[in-house]
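Undergrad: Dropping the structure in here first, questions after.
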């Protein structure tokens, strides 16, 4: 931690971003593109090379990648554990469904509105829940998430517990393409995914992002520097909600079906699981976690019926021993490699 | 460093391996794969096994093959979740080359799969999910159901109760879409036959089970019976609490199919003895089809069949017979568009252990009758005693098949 | 007896049931700052153990006596061998331990499902109430004796816990140990054993509530997850870590749930969330919680 904090307002004049999302040399500037571009390139080849199952699995990975990375803006970047990311997933999904099925909106408009709606809901809820911190915040987000779940189950107009089906996908007829084809839809999701990653990264390194990281470091210090931290915390909550909603809007089109299950605390817990397994300290950690989670779950199901047992155990082991998750592990290997190549490695 | 003799065959082999992992398996001999999706983990784990047992009896009766194709039955765990059901369906379709999907208990999972069925053009034959919408607003040419719909069941029971002299009831169900749908179905039959529902009570879903207020309300209003829709955990709780409040002799607790389900009996501590139950199948049924089924099931598993076994059996027979006829009608080959499977199976009349079973225009199974039984103390523990057969009800309209 | 009085009695019964479920959770958090999200797992283990003891011995009282010992021992081992060492190695006691216990919850539920279907061959079970309490008493209307027992048990447990923590040296040692481990150690007390003991106590209480719920409600693999939300609403309302708060919070939640169900059923499903929002606006730390800033 820098000791120059006492004199100057840190975020304005810092020469490098405050500790938080850095730490493994994989994150700032060139590092970000060095990962994003190859990932996107590899993903882009998938629908061409493989059968439908891999395509479909990776669509899920990208959607959850957006969900988890959005959640990590709250968790890794600001240090708040939110147990209601599923509620925003559900909000985005349901809004997309309702806008297209009941109001007849074109899908692109429904998606945009769904994201805005989820962000707005997060903003409003955030104003309440950000009156708490730490453990109380965790528990209250869990309760609020359940409130959404209850509402979704009760409201019969949106299918109640049975959900709604028949949600259309983006209309690409202008390009002569059919998003009904999963390979085409894959590319749509890929584009949105890349855009979302870029947007979240920009948010992370922006002034806003650096203040949020400062809140994780020490909220009292930020307040003493004159920042109205409650407002920033609410805004960060809204960011998580926004991207949760985006994941939801994509999910509604992928499955063409929505139901209240999306809003349960179990789904919110799975989002947390992805973030923790992947690593909170690295920007791409949550995406790695989503990749691991979806693929491991699919593979495990072919081997055993006891998915809960294995996953619970895995979660426990990762939290206990793998601080920094998979990305932390990778980061350590990469740094080791660089040192051996003669270069003095990056940040501590 | 020695160069290996030739790297090309190895490379080709490796590439072929990689590609084969990613693309659907090609059928070696003539075989057809059916994907049976059931909630093997979760509170309906026993029902999942019961349904599978019935299905496998059907498969056994067909000798494991239809029209010259060997049947490969793949079972997948839906975990009671619609999201998981979707993922498993994708795997079955894209990785396992499944030709038909079957099973599913949860209505949400069924609706999600109805969407998959229509988009992927693969037949889905629901074994248990009872939401009216499945063969109502969500109906489509690729979906059929072999169990029953909520409205048909509940209205039949309601009508019977009113006609058998029960005039005033209080109803109880959880406050969510299925709860309301079930009670509405009951009300159509009950009130339609002259009964009076004194009060419809809805309990909040997901909160700690306390049915005291509902039970006391029934007593306070002077109801002759309490008619409910509760399943699993809550069914056990309300039956126990009903007895604890001293109502067993006074105001009977009633519910169709799920309330006094056989799998719940161990948890009910004899409080279900003397209760009237409404079911779609009981082994005490003395029809030729039921006796035949009972004998075959007992021979294969060493125990008497229950309703879940019968429903699994019907689902298996429908799928296998539908496949057989579709293949034969297509000159001995699996048809390109497997909607033919649904078309064939919905044209069938099955000699089901539940009674003669045919399909209506919405692809929903229709039986002639359902059964009233009493739960009694038998020689080997609780058992059912057959009371009466009552006419089955009507499905709700709403299906607009394209 | 009027319907209103009956509802009050019913609400009290539900409140005491909720209190029994939540008090273990409150203790581990209040005294040791560990958010044990696997609390429902210990509750469920207590219930299943109660079922097994009850079936084998035919006695509810033996089940109540013996079954909670299993979650107690498991809790002791978990804290002593897993959680404490991790905290000592610098893991964050709030976030990391909460998430770890959350993973544990999934694990235990998976094991319970496996054991119940493959070994016990049942998916639903129940614990037989003792003959003494199986019937009902006539207080104007028949009222189940077991529910009166629950009310009594809840009050008794509340008193026991309060006495232990406020009036004995144990509570002082624990609270001292949380604030200043070194000083307590210099007094010759093994702080880690004390912590493990407290955690075990919390799990023992969870086990007791499991046996009671197994008799009054039902036992199946969904029960571990199903108490999470009601429990946390009780503790958030009452104030995290406060025993008094847990008791009052349970009464507020139980009464709200019962009275809205009786008189305003349309909003019954939302009533506890409305309560939660109100508390957040008026007093975010809960009724007896510590004021914000005094982290």
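The values are calculated or read from the model by the stated rules, or taken from the named source; none is laboratory data. Computed from a predicted structure; not experimentally measured. So basically every Cβ, Gly included, is an ideal-geometry build from the backbone, and we count neighbours across all protein chains shown.
Undergrad: Answer yes or no as to whether residue C:50 is touching a strand residue (DSSP E or B) at 6+ places or on another chain (Cβ under 9 Å) and closer than 20 Å to residue C:214 by Cβ.
TA: The answer is yes for residue C:50.
Undergrad: So which of B:395, B:351, B:400 is surrounded by 19 or more Cβ atoms within 10 Å (Cβ to Cβ) and at negative phi?
TA: B:395
Undergrad: Would you confirm whether any residue within region B:356-375 is buried (at least 21 other Cβ atoms within 10 Å of the Cβ), in the same structural domain as residue B:60 (by TED's automatic domain parsing) and assigned to a loop (DSSP other than H, G, I, E, B)?
TA: Taking every residue of region B:356-375 in turn, at least one turns out to be buried (at least 21 other Cβ atoms within 10 Å of the Cβ), in the same structural domain as residue B:60 (by TED's automatic domain parsing) and assigned to a loop (DSSP other than H, G, I, E, B).
Undergrad: If you go through region C:167-204, how many residues are without any contact (Cβ under 8 Å) to a residue 12 or more places away in the chain and crowded, with 22+ Cβ neighbours inside 10 Å?
TA: Within region C:167-204, residues that are without any contact (Cβ under 8 Å) to a residue 12 or more places away in the chain and crowded, with 22+ Cβ neighbours inside 10 Å number 0.
Undergrad: Being out of contact with any strand residue (DSSP E or B) (no Cβ under 6 Å at 6 or more places or on another chain) and either facing another protein chain (nearest Cβ under 7 Å) or at pLDDT 95 or above (or both) is the filter here, so list the residues in region B:72-84 that pass it.
TA: B:77, B:81, B:82, B:83
Undergrad: Going by the structure shown, is residue A:267 surrounded by fewer than 24 Cβ atoms within 10 Å (Cβ to Cβ) and within 13 Å of the chain's Cα centre (by Cα)?
TA: Judged against the criteria, residue A:267 is a match.
Undergrad: Continuing with this model, one more query. Got a sec? Which of A:87, A:97 is in contact with a strand residue (DSSP E or B) (Cβ under 6 Å, 6 or more places away or on another chain) and at pLDDT 75 or above?
TA: Every option except A:97 fails the conditions.
Undergrad: Just the residues that are within 14 Å of chain C (Cβ to nearest Cβ), in contact with a strand residue (DSSP E or B) (Cβ under 9 Å, 6 or more places away or on another chain) and closer than 17 Å to residue B:252 by Cα, please, taken from region B:184-220.
TA: Listed by number, the residues that qualify are B:199, B:200, B:201, B:211, B:212, B:213, B:214, B:215, B:217, B:218, B:219.
Undergrad: Mind checking which residues of region A:128-149 are more than 14 Å from chain B (Cβ to nearest Cβ), assigned to a helix (DSSP H, G or I) and either modelled with pLDDT of 90 or more or at negative phi (or both)?
TA: The answer is A:128, A:129, A:135, A:136, A:137, A:138, A:139, A:140, A:141, A:144.
Undergrad: Being within 21 Å of the chain's Cα centre (by Cα) and not in a loop (DSSP other than H, G, I, E, B) is the filter here; which residues of region B:277-291 pass it?
TA: B:277, B:278, B:279, B:289, B:290
Undergrad: When you scan region A:150-159, how many residues do you find that are surrounded by 24 or more Cβ atoms within 10 Å (Cβ to Cβ) and more than 8 Å from chain B (Cβ to nearest Cβ)?
TA: Qualifying residue count, region A:150-159: 1.
Undergrad: Another question, if that's okay. Hey, among C:113, C:118, C:216, which residue is within 14 Å of chain A (Cβ to nearest Cβ) and surrounded by 22 or more Cβ atoms within 10 Å (Cβ to Cβ)?
TA: Exactly one of C:113, C:118, C:216 is within 14 Å of chain A (Cβ to nearest Cβ) and surrounded by 22 or more Cβ atoms within 10 Å (Cβ to Cβ), namely C:113.
Undergrad: Could you look through region A:160-174, keep only residues that are in contact with a helix residue (DSSP H, G or I) (Cβ under 9 Å, 6 or more places away or on another chain) and away from chain B (no Cβ under 13 Å), and pick out the one that is farthest from residue A:105 (Cα to Cα)?
TA: By that ranking, first place goes to A:172.
Undergrad: Right, something else. Tell me, which helices (runs of 4 or more DSSP H) wholly within region C:1-77 include 3 or more residues that are at pLDDT below 90 and under 24 Å from residue C:137 (Cα atoms)?
TA: Counting at least 3 such residues, we get C:3-32.
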